[in-house]
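I have placed the structure first, in the form of structure tokens, so that the comments after it can refer back to it.
The values are calculated or read from the model by the stated rules, or taken from the named source; none is laboratory data. Given the structure is predicted, the values throughout are model-derived calculations rather than measurements. As a convention, Cβ positions derive from the backbone with ideal geometry for all residues, glycine included, and neighbour counts pool all protein chains shown. Heavy atoms of the whole protein, side chains included, go into the accessibility calculation; ligands, DNA and RNA do not. Shrake-Rupley method; radii C 1.70, N 1.55, O 1.52, S 1.80 Å.
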Amino acid sequence: MYKIAITGGIASGKTTLSKYLSKFKYTRSFNMDLVAHKLYSVDYFLRRELESRFGPKVLTLDSTGAENIDRRELGRVVFSSPENLKRFNELIHPRLYKYMELEFDTLSHLPEEKRPDVVFVEGAVVIESGGASRFDEVWVTTLSKEECLKRVRERNPNLPKEQAEKRALSQIADEERLKYAKFWYNTAKPFEDNIKLVHKELERLKNQGKLRDVVMI
């Protein structure tokens, strides 16, 4: 199974690309943010660590009354300083990668017709967390800081502008990410143009024997 990371700045088009790639028969896509959300609810020891490091306000009760993490509060605290962001990444990413390895193992044991050839993993800080070496390739999405901030505010209208800017500025520059990129998805370009390039990359993977065929579900 061939593993490809999709990474980029906040609101730079990662999910759009990942969701499109999930439409193909022999691919599978994962979103590491959603994996983290799952871990918040099922990993008691993770919740205790987050409470210890960032305070009791990061805890909440979900609709069933079960303990969970208040993601809005956690985000506010984590992005309030580089130190907090570093502590959070050191805590969460080993667990995320361990979970993904278990997922990869499960997929590898599926019957051939159901087993994906290429797995795409969407993660915002794959490079910063030292995770790039876990993948066979890295695909990078980019968009200007101004447009990213605009998107963040549109998606989270209650998020203060200062917090949105802190989140955007906390990540490494696109120029640094692109040093790792096998493929560059420039979200500033028209979607149709980018999709043509995506199909070209999928054909490359097919010609290299990594992907059985470029067939949509």
Q: Mind listing just one residue for me: the one in the stretch 94-113 that is open to solvent by 40 Å² or more (accessible area, probe 1.4 Å), touching a helix residue (DSSP H, G or I) at 6+ places or on another chain (Cβ under 9 Å) and touching a residue at least 60 places away in the same chain (Cβ under 8 Å) and, of those, nearest to Arg212 (Cα to Cα)?
A: Glu103
Q. When only residues in the stretch 1-14 that are within 10 Å of the chain's Cα centre (by Cα) and at pLDDT 95 or above count, which is nearest to Gln171 (Cα to Cα)?
A. Gly8
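In the set Asp174, Asp213, which member is within 16 Å of Ala5 (Cα to Cα) and open to solvent by less than 80 Å² (accessible area, probe 1.4 Å)? Explain how you work it out, then say what you get.
Numbers: Asp213 fails: within 16 Å of Ala5 (Cα to Cα).
Answer to the selection: Asp174.
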(Q) Being farther than 23 Å from Ile217 by Cα and basic (Lys, Arg) is the filter here; which residues of the stretch 10-59 pass it? (A) Lys38, Arg47, Arg48, Arg53, Lys57
Q | Single unsatisfied condition, Glu128 versus (1) among the charged types (D, E, K, R); (2) part of a helix (DSSP H, G or I); (3) closer than 23 Å to Asp174 by Cβ | A | (2)
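When you scan the stretch 166-188, how many residues do you find that are assigned to a helix (DSSP H, G or I) and either over 22 Å from the mean Cα position of the chain (by Cα) or under 15 Å from Ser12 (Cβ atoms) (or both)?
Residues that pass the stated criteria total 9.
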Q) Within the stretch 137-150, which residues are surrounded by fewer than 18 Cβ atoms within 10 Å (Cβ to Cβ) and either basic (Lys, Arg) or within 16 Å of the chain's Cα centre (by Cα) (or both)? A) Lys145, Lys150
Q: Those residues that are open to solvent by less than 40 Å² (accessible area, probe 1.4 Å), assigned to a helix (DSSP H, G or I) and under 27 Å from Pro190 (Cβ atoms), I need them from the stretch 1-49; list them, please.
A: Lys14, Leu17, Ser18, Tyr20, Leu21
Q. When you look at Gln163, is it within 20 Å of Leu74 (Cβ to Cβ), open to solvent by less than 90 Å² (accessible area, probe 1.4 Å) and part of a loop (DSSP other than H, G, I, E, B), yes or no?
A. no
**Q.** Pro116, sole failed condition from (1) under 14 Å from Ala36 (Cβ atoms); (2) surrounded by 19 or more Cβ atoms within 10 Å (Cβ to Cβ); (3) not polar (S, T, N, Q)
**A.** (1)
**Q.** Top-ranked residue in the stretch 189-202 [being open to solvent by 80 Å² or more (accessible area, probe 1.4 Å) and part of a helix (DSSP H, G or I); ranked as nearest to Phe120 (Cα to Cα)]
**A.** Lys200
Q. In the stretch 50-70, what count of residues is obtained for those that are part of a helix (DSSP H, G or I) and either surrounded by 15 or more Cβ atoms within 10 Å (Cβ to Cβ) or among the small types (Gly, Ala, Ser) (or both)?
A. 6
